[in-house]
Each structure stands twice: as C-alpha cells, then as structure tokens.
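This report refers to the structure that appears directly beneath it.
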Amino acid sequence: MARPPDAAEKRLEQLAHLLHGKRRLLIVTHDNPDPDTIATGWALLRLARRLRRMRVDLAYGGIIGRGENRALLEVLKVPLQRLDELDPASYDAIALVDSQPGTGNNSLPPGTVPTVVIDHHPLRRSTREVPFYDVREDYGASVTIVSEYLHAAGMRLDRRLATAIFYAIKAETKNLGRDASRADIKVFLDLFPLVDNHALSQIEHPPIPRNYFSMIDQAIDGTRLHGRVAVTRSGEVSNPDVVAEFADLMVRLEGIRWSLAVGRYGPDLWLSIRTNLERANAGRMIRRVVGDLGMAGGHGMMAGGKIPDGAVSPAKAAELEEILCTRALSLLRAEQVGVPLVEVNGVVRRSHPARPPCPRSGASPT
Ligand SMILES: [Mn+2]
C-alpha cells in the first residue's frame with residue numbers, strides 16, 4: 001500500500017503539535033529490548049529534542065541478554081536507562097516504541113495510556129486511545145518509521161545513531177530477508193554510507209561469555225525433531241533472550257521449516273517461534289499456541305510469547321511446556337513423538353532428567 005510522499009511530514013507536524021507545552025518525555029522500549037526497539041527509542045529521543053525544548057529520557061524494563069545487544073549499547077554509547085530507576089509519574093508525556101499498551105511485554109505501570117506509540121506489530125484496540133500512534137504492520141522494523149520522520153525533519157544523522165538504525169534493520173530483518181518492506185530497504189540503503197563499520201563489526205561479533213556454550217549445550221540436549229519442526233525445551237535459561245536465540249538457531253537446521261523454543265526464566269515461561277517459510281504467519285501461530293494461557297505476538301517469520309507465573313514450580317512448567325508443544329505440533333501437523341537432535345556414535349545423547357522430551361516419548365498424539 002503506497003503512502004503519499006508527504007505522509008511523514010504530516011505525522012511529524014502532528015507529533016510536534018502534540019508535544020507542544022510538554023516538559024518531560026519518557027520513551028519506553030519493550031522489555032528485554034532488542035536492537036529495533038533500542039534504535040527506535042534513540043531516534044525518537046533525538047527527534048523529540050529537535051522538535052521541542054524538552055527533557056527526554058529513554059528507558060527499558062527486563063534485562064539485556066544477547067551479547068550483540070549489550071555491545072550495541074556499549075559501543076555506540078546509547079543513552080538507555082533502567083526504567084525502575086526512573087519515576088514514570090514525573091513525566092508529562094510517555095512514548096512506547098516497538099510495543100503497544102496491554103501487550104504485557106513492557107514495564108509501564110498498568111493502565112498507563114502513552115501519548116505516543118510507534119510500532120509495527122498488529123494494531124491493538126487499546127492503541128486507538130493513544131493521542132499519537134503510528135503502527136505499520138507492513139514495515140519490517142519500527143525504526144524505519146522514525147527514520148522517515150528524521151528524514152522529513154531534515155535531520156542529519158551522526159555515525160552512532162546511523163549505525164544503530166542500520167544495525168536494527170539488519171538484525172530485525174535478517175539482512176532484509178525476513179519481513180522487510182520497501183521502506184526498510186530504502187532506509188537501509190540510505191544509511192549505508194554513514195555506518196561506522198568498525199563499530200558494526202564489534203556489535204555483530206561480541207566476546208562470548210563461557211556460559212554461552214553451556215546454554216548451547218542445553219539447547220542441543222533439549223531439542224527434538226518432529227519432521228520439519230524442531231522443538232527445544234531448554235529448562236532454565238540465564239535470560240529470556242536465550243529462548244529466541246535457540247529458536248533462531250534451530251530454524252537454520254537443514255530440512256526444518258518451523259522451530260519452537262521454550263525456556264524458564266524467573267517465575268515465567270517464555271517461548272519463541274521461528275519459521276523460514278516466507279508466507280507463513282508466526283505471529284498468528286504463536287497466539288493460537290499460547291491461547292489464553294499468556295500473551296504472545298509477532299510477525300510473519302518470528303514471534304514470541306510469555307506465560308506469566310508459568311514456571312513457579314518445575315511441575316507447573318513441565319505441564320505447560322507439554323501443553324504448548326503438543327498444541328504447536330498438532331497445529332503444524334507434525335508427529336507428536338520426536339527424535340533427539342544429536343546422537344553420538346549412534347547412541348542417543350543423554351537427556352537431562354529435568355527436561356523430558358516434548359512430549360514425553362510414547363505420548364499419544366492429541
Ligand atoms: Mn520490532
């Protein structure tokens with residue numbers, strides 16, 4: 001769907017009008033922020049400061065797990081703060097980026113109606129109450145939306161911000177190969193000459209902590225193959241991002257079309273779905289898998305979800321994992337009984353007693 005070329009200018013005017021008279025803006029990313037939400041928030045921070053003389057802070061909830069994301073913040077010196085160290089009530093405007101109210105994946109106090117929402121996930125009803133929202137489901141990255149505003153405002157980007165935006169589009173769309181739109185490609189190409197390639201390389205190849213390899217070991221151990229579907233039950237993970245990393249890893253396995261990864265972090269159960277089928281809808285799939293057990297959302301080829309308090313006890317976690325895996329496998333019309341990912345010298349790799357295969361061998365398909 002083509003937009004008139006002046007669409008960004010109009011939106012920019014509306015935004016400037018809305019922020020008129022405001023003194024403090026708080027921009028909030030989604031929890032366990034990824035490069036897209038971080039870059040969107042940072043770009044919006046710069047834009048808001050340009051539009052209005054106001055104090056603008058950028059904050060996140062959850063934790064920053066992936067080494068790449070930690071490197072992004074460090075190398076580019078992104079001014080991202082912890083939300084629990086700020087008081088949302090002391091701001092007269094709040095912006096939510098790459099997320100929407102009521103999704104359960106941001107740490108705004110419940111009932112908070114933001115002034116601004118910028119996102120590319122499916123539009124939610126509660127977002128219609130937000131004074132300024134720009135939600136474009138056809139965009140591969142939220143940061144592309146704000147980049148169009150920066151362009152319309154005639155702002156020149158410095159190398160740090162340009163690199164952050166470029167990397168966000170690169171990571172979110174897997175080098176433009178996953179859910180990328182023409183708009184994403186345009187911003188990506190426009191920014192290419194401005195990128196700090198040394199910084200980008202440091203971000204994409206960060207030092208790996210030793211426990212990363214234990215996590216890989218855990219993922220391999222907990223993976224069963226059900227035809228073209230890989231299911232990973234990783235047990236406890238060191239941070240929620242790891243679950244998405246497992247799903248990313250397993251969907252690369254030859255012959256695999258879908259991957260589902262489930263992991264326990266704190267009291268919650270986290271899950272991620274990936275597919276390499278370009279016409280699939282991973283977002284719809286994960287919502288059907290999760291149902292009313294928790295919250296979930298996503299895009300065509302990637303999606304994530306969470307079952308709050310789904311891991312308060314190992315027994316409860318195991319029961320829920322069973323339900324989620326069984327649902328996913330039947331929705332994908334895959335065999336309920338899988339085979340281990342790795343065999344050593346023809347011997348099936350040991351299975352961690354805390355992580356039974358999904359579902360337990362011999363379970364009858366439902
Ligand atoms: Mn995004």
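Which residue pairs have Cβ atoms under 9 Å apart, sit 6 or more places apart or on different chains, and have a first residue in the stretch 22-47 that is in contact (Cβ under 8 Å) with a residue 12 or more places away in the chain and a second that is within 13 Å of the ligand (Cβ to nearest atom) and basic (Lys, Arg)?
35/170
Just the residues that are small (Gly, Ala, Ser) and more than 10 Å from the ligand (Cβ to nearest atom), please, taken from the stretch 26-56.
Across the stretch 26-56, the qualifying residues are 41, 43, 48.
Would you point out which residue out of 167, 212 is within 16 Å of the chain's Cα centre (by Cα) and assigned to a helix (DSSP H, G or I)?
167
Has the stretch 112-134 got any residue that is without any contact (Cβ under 8 Å) to a residue 60 or more places away in the chain, touching a helix residue (DSSP H, G or I) at 6+ places or on another chain (Cβ under 9 Å), under 16 Å from residue 283 (Cβ atoms) and away from the ligand (no atom under 11 Å from the Cβ)?
No, every residue in the stretch 112-134 fails to be without any contact (Cβ under 8 Å) to a residue 60 or more places away in the chain, touching a helix residue (DSSP H, G or I) at 6+ places or on another chain (Cβ under 9 Å), under 16 Å from residue 283 (Cβ atoms) and away from the ligand (no atom under 11 Å from the Cβ).
Only one residue in 185, 208 is modelled with pLDDT under 95 and either surrounded by fewer than 16 Cβ atoms within 10 Å (Cβ to Cβ) or outside the structural domain of residue 325 (by TED's automatic domain parsing) (or both), so which one is that?
Being modelled with pLDDT under 95 and either surrounded by fewer than 16 Cβ atoms within 10 Å (Cβ to Cβ) or outside the structural domain of residue 325 (by TED's automatic domain parsing) (or both) holds for just one of 185, 208, which is 208.
Please name all residue pairs, on different chains or six or more residues apart, with Cβ atoms under 6 Å, provided the first residue is in the stretch 184-211 and is touching a residue at least 60 places away in the same chain (Cβ under 8 Å) and of a type in the set (Gly, Ala, Ser) and the second residue is surrounded by 11 or more Cβ atoms within 10 Å (Cβ to Cβ) and assigned to a helix (DSSP H, G or I).
199/75; 199/163
The values are calculated or read from the model by the stated rules, or taken from the named source; none is laboratory data. Just so it is clear, the structure is predicted and the values come from calculations on it, not from any experiment. Please note: Cβ atoms are built from the backbone with ideal geometry, for glycine as well, and neighbour counts cover all protein chains shown.
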